[in-house]
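Structure, as structure tokens:
The values are calculated or read from the model by the stated rules, or taken from the named source; none is laboratory data. If you're wondering where the values come from, they're calculated on a predicted model, not measured in any experiment. Counting neighbours? That spans all protein chains shown, and the Cβs are built from the backbone with ideal geometry, glycine included. Protein only, heavy atoms only, side chains kept; ligands, DNA and RNA dropped before computing areas. Shrake-Rupley method; radii C 1.70, N 1.55, O 1.52, S 1.80 Å.
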Amino acid sequence: MKKSMPQEIRQVLKGLTLNRQPGWHFPGNFLEVSVDELGADGVRLTVEPGRHCVDTDGQMNMGVIGLLADVGMAVAIRRHVGFAVRIATVSMTLQFTGAPRTGLLEVRGGFDGFYRESAGQQGLSRAEVFSNGTLLCTVSGSFLVLGKIDGLQPMSMRRSGAVDSEVALLSIEALTDQEQAVYRRACEALEPGPGSFIERFWGFVPQKQEQGASCDLVNGMHIGNRVGHTQGGITVALAMLTASAALGADWRLVGLSSWYMRPGTGLMLHAKANIVHQGGLTAVVQVSISDDTGGVVLMALSNHSRAVK
């Protein structure tokens, strides 16, 4: 009897197959981000939950939250600058309500205009993220418009259902070397180990240390954007998860403000979290993410609340 393919591996192969169509990056194809509305008043994007993108407690992984928030705000700006134009995340702030990250994940993004009297064109955006219809977090951010890049295709505005769910998947033999690396990483992530498939696949395995935590993230297509840099929402999720690991299970992330210094390039990203303040009810953590050269990619400050026992 032929052994069925695990859903996680099937989703990775589907993401690789769709990734051969220009427009989206692999993480967007892997998650099948759906552009459900694209209007003058804002945009609406959704992601369906599945074994490939939830943690062991059944909640959507924070990387999915970060990616969808980043993309939702960026799409709202792209309506005004074009979908073939490259834009870079400059800053992102998230504030959580404490609602569970279960069910359909939805982001509603809006455009607040461009910053005035600036040498560069910097767009301002905001978003609300809902989980199963309940407000999960509010987000604000700024994005620098970098202009068109030769060969960069317009970002896909695909809606869920527009691609046949039975799309013919690439065979393992047909994968390129880069695609093979993603496939092997997915197979390794299915092996028994700490955390969920998505945590091991994306590399969100922070280690608690005295007065902080650290996490080394392998860079590559599995977390990359359309030009090969680490996707901005995944980078901010690395900061959120490392900050949370510094404090442990008795604390809950309430908010995080982050500033991007340079693209996430190279073989690895290194996240380091230091506890700045830990009182009876609240705490503050500082996070720095750097590349292999020691160059700072992102700086962040997070605030946390002690969980109810």
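Distance distribution P(r), segment 220-259, all Cα-Cα pairs, bin width 10 angstrom from 0: 28, 42, 25, 5 percent.
With a Förster radius of 30 Å, plug the Cβ-Cβ distance of R306 and N132 into 1/(1 + (r/R0)^6) and report the FRET value to the nearest 0.05. Each step should come with its number before you reach the end.
Working: r = 26 Å, r/R0 = 0.86.
Step by step, r from the Cβ atoms, then E = 0.70.
Net length available on complete extension from E191 to T56 is 47.2 nm, with 0.36 nm assigned per residue and the Cα-Cα distance removed.
Can you check what the Kirkwood hydrodynamic radius comes to for segment 1-93, Cα pairs only, in Å to one decimal?
Numbers: mean 1/r = 0.0673 Å⁻¹.
Hydrodynamic radius (Kirkwood, Cα only) of segment 1-93 equals 14.9 Å.
Full extension of the chain segment joining R20 with V167 gains 51.6 nm, where the gain is 0.36 nm per residue of separation less the Cα-Cα distance. Taking the empirical scaling 2.2 N^0.38 Å for compact globular proteins as reference, segment 7-154 has a Cα radius of gyration ratio of 1.06. Put simply, the amide H of L146, placed in the peptide plane, has neighbours under 5 Å in R86, I87, A88, leaving out anything fewer than 5 places away on its chain. Taking N as the residue count of segment 1-47, its C-alpha radius of gyration divided by 2.2 N^0.38 Å amounts to 1.49.
Could you order the peptides 189-197, 225-233 from most to least packed, using the average number of other C-beta atoms within 10 Å per residue?
On the way: 189-197: 14.4, 225-233: 21.7.
With the highest mean Cβ count within 10 Å placed first, the list reads 225-233, 189-197.
From the mean inverse distance of alpha carbon pairs (Kirkwood) and the Cα radius of gyration, derive Rg over Rh for segment 62-107.
Working: Rg = 12.5 Å, Rh = 12.2 Å.
With Rg and the Kirkwood Rh in hand, the quotient comes to 1.02.
Rounded to the nearest whole angstrom, the semi-axes of the ellipsoid equivalent to segment 30-69, taken from the Cα gyration tensor as √(5λ), stand at 23, 10, 7, largest first.
For the chain, carbon and sulfur atoms together expose 50% of the accessible surface, with a 1.4 angstrom probe and every protein chain in place. Spacing of the modelled spin labels on Q95 and A249, each 7 Å from Cα toward Cβ, amounts to 3.0 nm. Across segment 174-309, the convex hull enclosing all Cα atoms gives 112 Å³ per residue. So the label point goes 7 Å from the Cα of V227 along Cα→C-beta, right? Which residues of segment 243-265 then have their backbone N under 20 Å from it? From segment 243-265, the list is 259-265.
How big is the Kirkwood radius of segment 63-149, worked out from every pair of different alpha carbons and given in Å to one decimal? Could you put the intermediate results ahead of the total?
Values: mean 1/r = 0.0754 Å⁻¹.
Taking every pair of different Cα atoms in segment 63-149, averaging 1/r and inverting gives 13.3 Å.
Note on A84 and Q7: the model spin-label points, each 7 Å out from Cα along the C-beta direction, lie 3.9 nm apart. Available extension along the chain between E210 and R116 is 29.4 nm, counting 0.36 nm per residue and deducting the alpha carbon span.
Ligands, DNA and RNA are left out, and with a 1.4 angstrom probe the accessible area of the chain is 46 Å² per residue. Taking only the Cα atoms of segment 47-88, the ratio Rg/Rh comes out at 1.14, with Rh defined as the Kirkwood radius.
Based on the alpha-carbon gyration tensor of the chain, what equivalent-ellipsoid semi-axes (square roots of 5 times the eigenvalues) come out, in whole Å, largest first?
Values: eigenvalues 149, 124, 74 Å².
Semi-axes, largest first: 27, 25, 19 Å.
Number of Lys-Lys pairs in the chain with C-alpha atoms under 25 Å apart and a separation of 8 or more places or on different chains: 4.
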